[in-house]
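Below: the structure, in structure tokens.
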Ligand SMILES: [Fe+2]
Ligand SMILES: [Fe+2]
């Protein structure tokens, strides 16, 4: 939200629409204040409710923003809005105040046109499926302990906790991302962004800087990601 304008990032699935819309209304935002919908890839858990949003926002000038490689799929969800590509807006959305959201491509993590969105004003990086989790036990915020950053087995918790979030995070990336190379490249792009908070679409919000750095290093070196886990890692020898 910026002044009397708002955008929604990855608005959600069709069955989740009433819950998502109620939460938006509870913040005091009128649907007509939403002038753009941003989709960081084209999965139904992000895009399924596009037509519901178009209906309730009811603005002829509503735009849908995504990478052009996503838009060829997103157009099948949309009924009425203009689709705008990241290239057409120089990878940034600018509010009337001048505040910007910047978009960074993370190709094949996990879709060809996947990207993340950075709000420099708050330091929040919306990471979509990156840093997500299957999350058997869910908290809105996730904080690891200092012992977690030394752990390699994730079996017996040195912090005395009854649930370790790491196995669910790592298994999510192995199953959802396309390859170790794609995931490593995506994390390298994210490490260049001065984010103070990561807000994945699944899983928990991560705001501790040591946790962010630790998760980046673990994910960059993760083995058996995507196709690598099926036929082995890429080799050009
Ligand atoms: Fe996805
Ligand atoms: Fe997802």
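The alpha carbon centroids of the stretch 8-65 and the stretch 206-221 are separated by 30 Å. Rounded to two decimals, the Cα radius of gyration of the stretch 96-237 over 2.2 N^0.38 Å is 1.06. Between the Cα long axis of helix 209-220 and the first principal axis of the chain there is an angle of about 80°, rounded to the nearest 10. Packing order of peptides 106-113, 161-168, highest average first: 106-113, 161-168 (average count of other Cβ atoms within 10 Å over each peptide's residues). Compared with the dominant principal axis of the Cα atoms in the chain, helix 17-26 is inclined by about 80°. Peptides 53-63, 89-99, 36-46 ranked from most to least packed, by the mean per-residue count of other Cβ atoms within 10 Å: 36-46, 53-63, 89-99.
Once the Cα atoms of helix 166-176 and of the chain are each reduced to a long axis, what angle between those two axes, in degrees from 0 to 90 to the nearest 10, is obtained? Once rounded, the angle reads 60 degrees. In terms of its alpha-carbon gyration tensor, the stretch 1-129 comes out rounded; the largest-to-smallest axis ratio a/c stays below the 1.5 threshold. Taking the DSSP bridge list for the chain and keeping only pairs wholly inside it, about 45 percent are antiparallel. The order of 148, 47, going from fewest to most other C-beta atoms within 10 Å of their C-beta, is 148, 47.
Read-outs: derived from the displayed coordinates by stated rules, not from any lab. For clarity, every value in this text was computed on a predicted model and none was experimentally measured. In this analysis, Cβ positions are derived from the backbone assuming ideal geometry, glycine residues included, and neighbour counts consider all displayed protein chains.
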